[in-house]
1. Please calculate the 1.4 Å probe accessible area of HIS111, with all protein chains present, and give it to the nearest 10 Å².
2. Can you put ASP117, ASP204, ASP81 in order of accessible area, largest first, using a 1.4 Å probe?
3. So for THR149, THR233, what's the accessible-area order with a 1.4 Å probe, most first?
4. Roughly how many debye, to the nearest 20, is the charge dipole of segment 129-180 about its Cα centre, given +1 on each Lys and Arg Cβ, -1 on each Asp and Glu Cβ, and no other charges?
5. Under a crude label model (7 Å from the Cα following the beta-carbon direction), how far is ASP225 from GLU101 in nanometres?
6. For LYS112, give me every one of the aspartates and glutamates with a C-alpha distance below 18 angstrom, ignoring sequence neighbours fewer than eight places off in its own chain.
7. So what J values fall out for segment 213-221 if you push phi through Karplus, 6.51 cos²θ - 1.76 cosθ + 1.60 with θ = phi - 60°, rounded to Hz, Gly and Pro as x?
Amino acid sequence: MKHMTADTMKKTIAILAAAASLFATACDKSEILAPTDQRHIYISYPEEGNQVFNFSFVSTPEESARIAVPIKFAGRPLTEDLAYAVKVYPGNKDTTLKEGEEYELPELIFHKEDFCDTLFVTVHKTARMETGTYNLKFSLVSNENFFATRTGSLEAELRVTAQISQPSWWSQTVSDIYLGPYGDEKFKLFAQNIFNGDFGTLDDDEKRYYALKFKYWLEENPHYDDHVLITVTIQG
């Protein structure tokens with residue numbers, strides 16, 4: 001440690017401070033309504049009002065990946081794991097990913113003792129994704145355990161490609177607070193060197209941790225996009 005420069009020590013301390021609370025809860029309790037006898041399930045979009053979840057295999061060297069769709073419910077707390085239900089919209093317009101070959105839905109279980117959970121859709125890379133984008137559209141539906149009645153918060157559309165494209169988690173908030181304006185080259189560098197998952201599902205401390213890590217990586221490995229130095233917004 002005594003051979004570390006003051007600047008390096010400062011960067012290390014900043015990252016460690018952010019990492020110290022990496023596992024803080026990601027469930028925003030302020031969104032939970034007062035308990036009732038009924039439970040109302042809905043999707044918690046990374047960007048309010050945007051039902052589209054974009055994913056590009058450019059962000060990972062793997063041939064398969066999981067897309068995280070955050071879900072929540074309002075009502076009486078769970079004392080046991082309970083199943084919920086979704087409906088996939090068929091047809092060439094609404095769902096063009098091939099079931100089994102290009103996507104798989106998990107067992108749909110909302111786990112007890114929390115008001116938020118995650119629906120992980122597994123997607124598999126195929127050759128046609130190199131030149132196009134394909135989608136899966138579904139919605140939450142009511143069953144014996146949950147009511148799907150919250151209009152505007154029930155549908156999700158996953159768009160999957162092997163072409164580079166702006167992921168849905170790179171919202172205006174991410175640009176303003178963490179990573180700065182989106183750029184294809186910046187996204188590739190971030191995904192290949194820092195974090196290749198769904199940034200939108202992370203809590204604030206985790207986002208700060210990875211944004212700082214990217215900031216320091218760029219300082220040591222300067223890159224340019226169309227002759228402009230790539231930088232991030234976060235300070236530290």
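1. HIS111 has an accessible surface of roughly 90 Å² with all protein chains in place.
2. Details: ASP117 30, ASP204 105, ASP81 75 Å².
If we order ASP117, ASP204, ASP81 from most to least accessible, we get ASP204, ASP81, ASP117.
3. Numbers: THR149 75, THR233 45 Å².
Output order, biggest surface exposure first: THR149, THR233.
4. 60
5. According to this spin-label approximation, the distance is 3.4 nm.
6. LYS112 reaches ASP28, GLU31, ASP37, GLU80, ASP81, GLU144.
7. Karplus values, whole Hz, x for Gly and Pro: 4, 5, 4, 6, 5, 5, 5, 8, 9.
The values are calculated or read from the model by the stated rules, or taken from the named source; none is laboratory data. The structure displayed is predicted, hence computed values, not measured ones. Methodologically, a virtual Cβ is constructed for each residue, glycine included, from the backbone with ideal geometry; neighbour enumeration extends over all protein chains shown. These area figures cover heavy atoms from the full protein model, side chains too; ligands, DNA and RNA do not enter into them. Shrake-Rupley method; radii C 1.70, N 1.55, O 1.52, S 1.80 Å.
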